[in-house]
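Just below is one structure, and these are the notes that go with it.
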Amino acid sequence: METNRDKIIIRTSIIGIVANVFLATFKAAIGILSNSIAVILDAVNNLSDALSSIITIVGTKLAAKLPNKKHPFGYGRIEYLSAMIVSGIVLYAGITSLVESVKKIIHPEKADYSIVSLIIIVAAIIVKLVLGRYVKSQGEKVNSGSLIASGQDATFDAILSASVLASAVIYLATGLSLEAYVGALISVIIIKSGIEMMKDTVDEILGVRADREITQKIKELIKKEPEVRGAYDLIMYNYGPDNNQASVHIEVPDTMTVDELDKLTRRIEKRVLKETGVFLVGVGVYSYNTGDNDVTRLQKAVSNKVLIHDWAVSIHGFYADLEAKEIRFDVVISFDIDPDKALELIYKDMGEAFPEYTFTISPDIDVSD
């Protein structure tokens, strides 16, 4: 089923296609008639933008497919693949344009601009500025990386077209032809844009650190429950722009029953989904000792010993059985050290400082704030 978000993306993309096709047609005609490589390359850039919008529409349509047995998390990540294709097209257009510009620099040809061609270029600049603002605002409205990138690209295209206009004016005023060099500059900028788009898309596919604002909000919502002393190990799983899932550990008193825990986790899942749109697909539990000052002092001593290392971010899930002489806790390890090496050092420190205790230490990765 097509959501309102999908409708906005598709409608905005169609507007972009129509505008870019018209611009590409007029610019190509001007470029051919005036023998201007810079204007022709500007037209090619508009055509690649139109093709990018088409791919965005196709990617949005495919991403909207409902989950099934083979793909239970849906098809949302297809949007990242479509963005990868778009970046490839932009990169190819930039490289091809650069080759043609260099040829024109080596074998220059005089351009022949008319007043009509200059007026059309000015109109194209205005259209691109308006289109860029509109597309970017719609992209921010529906959290579409493709639309935001297209909007920024359109605004940048207006600047490139302005440079083409400037070179034409300079040529008409002085007879100095800079348009091949302007074409080369445009090509380099297009290549840079393609590389940046590809890098951003690869980051999304590989997985990036969760946004601090959303992780902090989720933890705050969880800790609003009076029974919860802390929320840890929050891991976000992204299956598309609007499909975020997460797992977390909560620290609760060792006196809680399974029935009470069940009710608690259901309340937490409902609240987080309602206020953030994130599905909590897993809620693990740490228990903490209640009513024992000896355990509190022991926890502080252990914590001080562990956190003396710069790479030890924090410890949590601490529980001590004083009768059995057993202690267990998790330690968050930064990316500055190999986890196995860090764990070896911590076990060594614990053995030396608390030889009468047996330790179970679990390493956690510093995946979110």
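The values are calculated or read from the model by the stated rules, or taken from the named source; none is laboratory data. Computed from a predicted model, the values in this text were never measured in an experiment. Please note: Cβ atoms are built from the backbone with ideal geometry, for glycine as well, and neighbour counts cover all protein chains shown.
Here is how the numbers come out for the structure above:
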{"quantity": "Which numbered condition residue 76 misses (of (1) in a helix (DSSP H, G or I); (2) crowded, with 16+ Cβ neighbours inside 10 Å; (3) among the small types (Gly, Ala, Ser))", "calculated": "(1)"}
{"quantity": "Total residues in the range 267-282, condition at pLDDT 95 or above and β-branched (Val, Ile, Thr)", "calculated": "2"}
{"quantity": "Unique match (being touching a helix residue (DSSP H, G or I) at 6+ places or on another chain (Cβ under 6 Å) and surrounded by 24 or more Cβ atoms within 10 Å (Cβ to Cβ)) among 49, 6", "calculated": "49"}
{"quantity": "Some residue of the range 266-280 being hydrophobic (A, V, I, L, M, F, W, C), crowded, with 17+ Cβ neighbours inside 10 Å and more than 26 Å from the chain's Cα centre (by Cα)", "calculated": "yes"}
{"quantity": "Listing of strands (runs of 3 or more DSSP E) fully contained in the range 268-355 that carry 1 or more residues being without any contact (Cβ under 8 Å) to a residue 60 or more places away in the chain and in the same structural domain as residue 215 (by TED's automatic domain parsing)", "calculated": "279-288"}
{"quantity": "Residue within the range 127-146 that is under 19 Å from residue 21 (Cα atoms) and modelled with pLDDT under 80 present", "calculated": "yes"}
{"quantity": "Selection status of residue 97, among the polar types (S, T, N, Q), closer than 18 Å to residue 20 by Cα, modelled with pLDDT under 85 and part of a helix (DSSP H, G or I)", "calculated": "yes"}
{"quantity": "Condition met for residue 17 (touching a residue at least 24 places away in the same chain (Cβ under 8 Å) and among the hydrophobic types (A, V, I, L, M, F, W, C))", "calculated": "yes"}
